[in-house]
Amino acid sequence: VSFAYDNRPVLQGVSFTIPAGGITVIEGESGSGKTTAVDLLIGLYAPQSGRILIDETPLDNISIDAWRSSIGYVPQELILVPGTIFENVALGDSRVTREDACAALKLAGAESFVNALAEGLDTEVGNMGTRLSGGQRQRISIARALVAKPSLLILDEVTSALDRVTEAEICDNVKNLSGRMTIVAITHREAWRAIATHAVVIKGGRIVPGEGDGNQTGS
């Protein structure tokens, strides 16, 4: 696919595969086009040439609402709202039960620290989550994405602000999700390459041959 913003090329003839059920990392310097590639995958933009296939079906032949409802997205700049841990996982969705929240927190590796809190799910996180550590906030953010049981989980530089020990713990949690869903991680951190089953490197809007895992061509 190719894509440009206001006639400024961002992606130029990029082609790669995201294997179902695996962990694909998309690497590249700031401005290389990796976030744009994911935005195209989500359907926020349409490629100006080329196409995106989901299980061999063109994305433009799929209901965009149905497609997006199958995606869990964790942004780099996570935001916790004033309220309890449960409220931050459910995020106003009345369909989410406490059991759903507990299951999502367990998948995100947050179960042990939440259970250790005196008020558990009903613990107030404070303004912007200030009563929790960075790693705890990130696990809650991941649980929020998992509670809807997505088939595709997208993580955007989710450990860039964490120390190496906490980052390793988050990576272990995500590795345990492999096989349950397809995972795409936008990252520049070596810890993610270590758990990846597939890697794609983008530089200057193009795939860098030989920098990934050797299986970068496809639809």
Quick test for you: out of Leu78, Leu105, pick the one residue that is open to solvent by less than 80 Å² (accessible area, probe 1.4 Å), part of a loop (DSSP other than H, G, I, E, B) and closer than 30 Å to Leu132 by Cβ. Leu78
Consider Gly92 against the criteria (1) part of a helix (DSSP H, G or I); (2) at positive phi; (3) of a type outside the set (Ser, Thr, Tyr): it satisfies all of them except one. Which criterion is unmet? (1)
Please state which one of Gly50, Gly33, Gly72 is touching a strand residue (DSSP E or B) at 6+ places or on another chain (Cβ under 9 Å) and within 30 Å of Ala118 (Cβ to Cβ). Gly72
For the range 130-147, pairs from a residue that is farther than 10 Å from Thr166 by Cβ to a residue that is of a type in the set (Asp, Glu) and not in a helix (DSSP H, G or I), with Cβ under 9 Å and 6 or more apart or across chains, are Arg131/Glu124; Val147/Asp93
Out of curiosity, is Ala116 out of contact with any Cys (no Cβ under 9 Å at 6 or more places or on another chain), within 24 Å of Thr17 (Cβ to Cβ) and either of a type in the set (Val, Ile, Thr) or modelled with pLDDT of 95 or more (or both)? no
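The values are calculated or read from the model by the stated rules, or taken from the named source; none is laboratory data. This structure is a prediction, so every number in the text was calculated from the model and none was measured. Counting neighbours? That spans all protein chains shown, and the Cβs are built from the backbone with ideal geometry, glycine included. Only protein heavy atoms, including side chains, enter the accessible area calculation; ligands, DNA and RNA are left aside. Shrake-Rupley method; radii C 1.70, N 1.55, O 1.52, S 1.80 Å.
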